[in-house]
Every structure is written in structure tokens, then in C-alpha cells.
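The values are calculated or read from the model by the stated rules, or taken from the named source; none is laboratory data. Owing to the predicted nature of the structure, the values given are computational and were not obtained by experimental measurement. Note that we place each Cβ from the backbone using ideal geometry, even for glycine, and neighbour counts take in every protein chain shown.
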Amino acid sequence: MFDDFGRVIPDEILATAHIKSRRYFSFPDIDIDLERSYSRLVRHLAVADPDLSLDVFRQRIDGIKNDLRSDPDMVGVLNGVAIPFFIPKQEDSDIGGSLDSVFLPGVAASYEEAFPDYSFDNHNQGLLAGRLSPAAGSRHSDLLERASSEAVVGILFPCLTEFSVPAAIEVIGTLPECFMLAGAFDTSAALIACPELLFKEESYPPLIWMSGIQDERPGFGYHFEAYGYNLTFNRRAHLDQCAEYWTSSVVVIA
């Protein structure tokens, strides 16, 4: 199910994905500091949730990891990059509106705090309110339903390297039910918690699709991408194809 680097092995799927990866585009080695990640999320998402203390955050992350380690079908995902995050309770059901007003500004603030010599650049043209919805078959609506009632703690695994967006959606149906395809809030929260994810001084990191959400226009999606040492957000056509430098992510929530 997972290879030695935590990548999902794309067996028996019909959509486009590279069977083997040469790992030319890869993530940096990251030393996760849960206290620092928690602090970044609290500050940059303006969170004041007394039910989600650092200790509770740590306990829930440990619980996710313990559950994964206890299952031979799932433990392999821990061979790869794992970014703990939380999403505050969402009062607004408009994915695009919250992405524009809360999450993208949070990504910008966290990235520019961590790397003051560089910038976060939102190249998307126009507002996103009313334009985004969970992708059918992605299980992402399960995460959004939870987030509508309480803060959600999870771990993001960018383990679908060299998958097309349709392949990422298709393969989710073959994974245990706790795996969901990452979308807008969880991918953004992971980058707020860990702005180092797409920063590499040598070689190149992947582009990360928000494959758990869909745009009004088929064949288009939204992504984060390093441009030099800057971080960018944009919309582009993927046309159901895959590329060596593309990745999607799965999340597991507590």
C-alpha cells in the first residue's frame, strides 16, 4: 500500500499516475516541533479555543500516530513526511470565502515570519467565495462536516506524489476509511504549522494540489508551489493529467 518513503503505490487504478517515482522532486528533511506548530496555528489563525490546548493537541497527534502504527496496512504512511495541524471550528460553510479571508492570510503570515527575506504570493485572480466544493469521492466532506461542529486535529501526509487529481481521488477509495483527501483548510493549516514544507535551498520541492476540493470549472484546481524561495498560491488547469512535480495529500484526523 505504501512504499519505503511513505508514497501510496498506485496499483490497480485507472486514472493517470506514475507507477514508480524517481523522487526528483522531494520535500526537505523537517524536524517537527509540535509546540512551535501549535503556536503558529494559534497566532496566524487567531484561535482562542480553550478546549484545544497544546497538551490536547499533542495527545491527539500521538493518538493518530499510535493508531497508524498498530495497523500493518497503514503504518507505512509514517515512512514519509507527516505534518500535524489543526483547523478551528468553522462557522462559515463557504470554503472559498474562508480560504480567502482566513487561511491564505494565515499562510502568508506564517511563511513571511519564518522567511522574512521571501514572500507569499497569491496569484489567483478573483475571489473564491462560492466557487469551491468538496470533490466527489474524496471523503473530504467528512472532514468539513467535523470542522463545522468542532476544532479538528489531524496529520497531513503528502504521499500521492506523481498522481493526477483523478488518480488521487480514485486511490482514496482503496485506502482505509480514516484516510481523506486533503483540500483547502487542511493543506493551508499544514503550511501555517510548517512553512518549511516547500522551502528547499537545494533541489526542488513538489507542487501541492488541494485535490479534495473542486472548482466550478472541470479540469482546474488550486495549489501551493515554491517559486524560487517564495511560496505561491494559484489556480491552474490540470486536465486530469499527472506530472513528476505534482503531489496530493491525504489526512488522518483524531
Identify all residues within the range 198-235 that are out of contact with any Phe, Trp or Tyr (no Cβ under 7 Å at 6 or more places or on another chain) and among the basic types (Lys, Arg); write none if there are none. LYS200, ARG217
Only one of (1) buried (at least 20 other Cβ atoms within 10 Å of the Cβ); (2) touching a Cys at 6+ places or on another chain (Cβ under 7 Å) is not met by VAL81, so which one is it? (2)
From the residues in the range 141-199 that are among the aromatic types (Phe, Trp, Tyr) and closer than 28 Å to ASP51 by Cβ, which one is surrounded by the most Cβ atoms within 10 Å (Cβ to Cβ)? PHE185
Of all the helices (runs of 4 or more DSSP H) wholly in the range 79-147, which have at least 3 residues that are of a type in the set (A, V, I, L, M, F, W, C)? 104-114, 140-147
Complete set of residues in the range 206-238 that are in contact with a Ser or Thr (Cβ under 8 Å, 6 or more places away or on another chain) and assigned to a loop (DSSP other than H, G, I, E, B): PRO206, MET210, SER211, GLY212, HIS238
Could you pull out the residue among LEU156, LEU197, LEU175 that is touching a strand residue (DSSP E or B) at 6+ places or on another chain (Cβ under 6 Å) and at negative phi? LEU156
Could you tell me how many of the residues in the range 6-43 are in contact (Cβ under 8 Å) with a residue 24 or more places away in the chain, in a loop (DSSP other than H, G, I, E, B), among the hydrophobic types (A, V, I, L, M, F, W, C) and farther than 17 Å from LEU191 by Cβ? 3
Taking the range 239-254 on its own, how many of its residues are crowded, with 17+ Cβ neighbours inside 10 Å, assigned to a loop (DSSP other than H, G, I, E, B) and touching a Ser or Thr at 6+ places or on another chain (Cβ under 7 Å)? 1
Filter the range 84-110 for residues that are hydroxyl-bearing (Ser, Thr, Tyr) and surrounded by fewer than 21 Cβ atoms within 10 Å (Cβ to Cβ) and give the result. SER93, SER101
Does LEU99 satisfy the condition of being modelled with pLDDT of 95 or more, under 16 Å from the mean Cα position of the chain (by Cα) and hydrophobic (A, V, I, L, M, F, W, C)? yes
